[in-house]
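**Q** First the structure, which I've put down as structure tokens, then a few questions once you've had a look.
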Amino acid sequence: MENQMFNVGKIINTHGIKGEVKVKRITDFDERFQPGQLLYWANDKKGPEKLVVRSHRVHKGFDLLMFEDHQSINDVERYKNGMLMVTEDAQDELDEHEFYFHEIIGCTVYLQSGEEIGEVKEILTPGANDVWVVKRKDQSDLLVPYIEPVVKEVDPALKKIIIDPIEGLLD
């Protein structure tokens with residue numbers, strides 16, 4: 001069976017002329033971008049292609065990466081709008097109540113009463129806790145903070161999340 005790949009970032013642009021790329025992070029794991037880390041790049045037309053991180057720094061909220069054997073903007077220009085990924089076996093075992101984004105995105109969210117709210121379509125990482133964006137039918141998206149008083153049960157195997165919304169959350 002082919003090893004599954006998981007997104008850890010999107011290359012949104014080049015940065016400077018020395019082969020650096022600007023990455024929008026899609027992971028909580030800083031080690032994904034450390035020098036020596038093996039990543040895979042792909043877009044909807046090509047890939048996956050192996051890349052090894054040569055350097056990493058953070059600038060204005062974005063990760064700036066350079067790859068081994070990529071010395072100039074000409075070497076990395078084609079990577080724009082592509083995704084950076086890791087293989088399934090590169091993922092670490094998580095602690096209880098910790099989940100990979102791919103385990104949460106696509107889960108159906110229910111109230112404790114059993115009423116279906118919608119499906120998690122993306123995860124925001126604005127600060128102290130993640131926020132799950134839930135696509136609702138005929139309503140605006142619901143922003144669910146991943147905090148203990150709200151999220152009561154997460155079952156990635158059943159693609160099911162049960163919440164107890166705090167006052168005003170569903171408004």
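Any read-out appearing in this document is the output of simple, stated calculations on the displayed coordinates, not a laboratory observation. Note that the structure is a prediction, hence the values are computed from the model and not measured. Cβ placement follows ideal geometry from the backbone for every residue including glycine, while neighbour counts extend to all protein chains displayed.
**Q** When the dipole is taken about the Cα centre of the chain, and only Lys, Arg (+1) and Asp, Glu (-1) are charged at their Cβ, what size is it in debye, to the nearest 20?
**A** The dipole magnitude comes to about 1140 debye.
**Q** Using a simple spin-label model with points 7 Å from Cα along the Cα→Cβ vector, what separation in nm is obtained for LYS46 and PHE99?
**A** 3.6
**Q** Also, quick follow-up: When only C-alpha pairs under 8 Å and at least 6 residues apart count, what is the relative contact order of the chain, in percent?
**A** 18
**Q** Per Stokes-Einstein, at 20 °C and 1.002 mPa s, what whole-number D in µm² s⁻¹ belongs to the range 101-163, with the Kirkwood radius over Cα pairs as the hydrodynamic radius?
**A** In µm²/s, the coefficient rounds to 185.
**Q** What value, in deg cm²/dmol to 500, does the helix sum -39500 (n - 2.57) over DSSP H runs of n ≥ 4 give at 222 nm once divided by the residues of the chain?
**A** My calculation for the chain gives -500 deg cm²/dmol from helical runs alone.
**Q** Output the peptides 48-54, 111-117, 15-21 sorted from most to least packed, where packing is the average of other Cβ atoms within 10 Å over each peptide's residues.
**A** Per-residue Cβ counts within 10 Å, averaged per peptide and sorted highest first, yield 15-21, 48-54, 111-117.
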